[in-house]
Amino acid sequence: MNVQQSKTAIIEFIKVNKIYPPDVIALRDVSLAIKPGEIVFLTGMSGAGKTTLLKLICAMEQPTKGLIEVAGHDLGRISLKNMQLVRQKIGMAYQDFKLLPKLTVYQNIAMPMEITFTPPKTIRDRINYLLDTLNLHGKADIKPDKLSRGEQQRVAIARAAANYPPILLADEPTGNLDRENSDLVIKLFAQLNRAGTTLIIATHDPVLYKSYPAQTLELSQGQFVFKDQATPKTATGE
Ligand SMILES: Nc1ncnc2c1ncn2[C@@H]1O[C@H](COP(=O)(O)OP(=O)(O)O)[C@@H](O)[C@H]1O
Ligand SMILES: [Mg+2]
């Protein structure tokens with residue numbers, strides 16, 4: 001990894017290890033640098049460490065060893081206030097959705113926008129747009145447990161995308177979707193990326209990662225696999 005990359009990266013890992021107690025090594029010596037506006041697909045078998053890597057970026061988990069920088073902040077030394085600001089820059093669509101069961105679809109999607117004091121009319125317009133775009137028309141007032149898993153997944157994606165986050169992390173975003181709905185998600189991601197969002201998408205769905213001319217980083221047992229010399233130029237491993 002060269003110094004120039006380090007300076008411009010929006011997300012950087014240097015020799016990051018994550019061990020879940022007592023002894024599960026989820027990531028070992030992972031280094032990467034992702035530039036603003038990039039799309040990176042994170043692939044690899046179940047258990048390879050994809051979800052762990054995404055959770056480290058949004059600080060839901062802490063590394064056992066190594067340095068993680070997000071949007072210019074060292075997550076190991078960041079103040080609480082700056083951590084809140086960094087978190088607001090990240091939209092995360094979780095593999096298990098993490099929708100709030102007592103809130104409606106509308107309220108779930110509104111949450112990140114309310115945290116950043118978005119005016120109610122802007123919130124309403126954005127939610128209506130996202131519901132239309134993701135084929136969730138008529139679901140605004142329903143609680144998550146009344147939705148199919150595919151619908152819940154799209155609500156989680158809508159919530160992650162709501163604030164036009166500079167960084168969007170999506171964990172198996174098409175895991176429960178048919179082709180038609182996957183295409184809608186891909187279109188939304190493409191639109192966000194054109195507007196400048198950096199996307200990191202964990203997936204083993206070839207339809208998804210072949211739909212973009214983007215970098216693919218493969219994890220195996222917590223380490224990146226480099227198949228040939230076409231090593232990614234910016235999302236590098238060491
Ligand atoms: N909270 C946890 N506690 C203990 N082990 C975990 C935890 N989360 C993940 N793991 C383990 O870490 C490894 C990587 O998991 P994960 O990051 O979820 O991989 P993937 O998303 O690629 O399926 C697996 O061996 C998994 O069992
Ligand atoms: Mg996972």
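Laboratory data are not the source of any read-out in this text; all were calculated from the coordinates shown. Remember, predicted model here, so these are calculated numbers, not experimental data. Note: ideal-geometry Cβ built from the backbone for every residue, glycine included; neighbour counts use all protein chains shown.
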* Structure fact -> Candidate cut points under trypsin sites (Lys or Arg not before Pro) in the range 18-117, DSSP loop plus at most 10 other Cβ atoms within 10 Å of their own Cβ, are 77, 102
* Asked: If you take the charge dipole of the chain about its Cα centre, with +1 on Lys and Arg Cβ and -1 on Asp and Glu Cβ, which of 93, 24, 106 is farthest toward its positive end?
  -> 106
* Ellipticity estimate at 222 nm from DSSP helix runs (n ≥ 4, -39,500 (n - 2.57)) divided over the chain, nearest 500 -> -10000 deg cm²/dmol
* From the Cα gyration tensor of the range 73-119, with a ≥ b ≥ c the square roots of its eigenvalues, which class applies: rounded if a/c is under 1.5, or else prolate if a/b is larger than b/c, or else oblate? -> oblate
* Taking all pairs of distinct alpha-carbon atoms in the range 40-99, Kirkwood radius in angstrom -> 12.7 Å
* Assigned charges on the beta-carbon of Lys, Arg, Asp, Glu; the range 90-175 dipole about Cα centre (debye) -> 200 debye
* To do: Give me the angle, in degrees from 0 to 90, between the Cα long axis of helix 179-194 and the longest principal axis of the Cα atoms of the chain, rounded to the nearest 10.
  => 70 degrees
* For the chain, size of Cβ-based charge dipole, Lys and Arg +1, Asp and Glu -1, in debye -> 520 debye
* Give me the distance in nm between label points sitting 7 Å out from Cα along the Cα-to-Cβ direction at residue 24 and residue 195, one decimal. => 3.6 nm
* Structure fact -> Scoring the chain by relative contact order with C-alpha pairs under 8 Å, at least six apart, yields a percentage of 30 percent
* Asked: What percentages, rounded to whole numbers, describe P(r) for the chain computed over all alpha carbon pairs with 10 Å bin width beginning at zero?
  -> 8, 33, 36, 19, 4, 0
* Structure fact -> Honestly the range 5-132 on the Cα gyration tensor test (a ≥ b ≥ c root eigenvalues; a/c under 1.5 rounded, otherwise a/b vs b/c for prolate or oblate) is just prolate
* Could you list 133, 122, 64 in order of exposure, starting from the residue whose Cβ has the fewest other Cβ atoms within 10 Å? => 122, 64, 133
* **Cβ-placed point charges (K, R +1; D, E -1), dipole of the range 163-216 about Cα centre in debye, nearest 20** => 260 debye
* Structure fact -> In the range 36-144, the chymotrypsin sites (Phe, Trp or Tyr not before Pro) that sit in a DSSP loop and have at most 13 other Cβ atoms within 10 Å of their own Cβ are 117
* Structure fact -> Proxy exposure order for 207, 40, 155 (fewest C-beta within 10 Å first) is 207, 40, 155
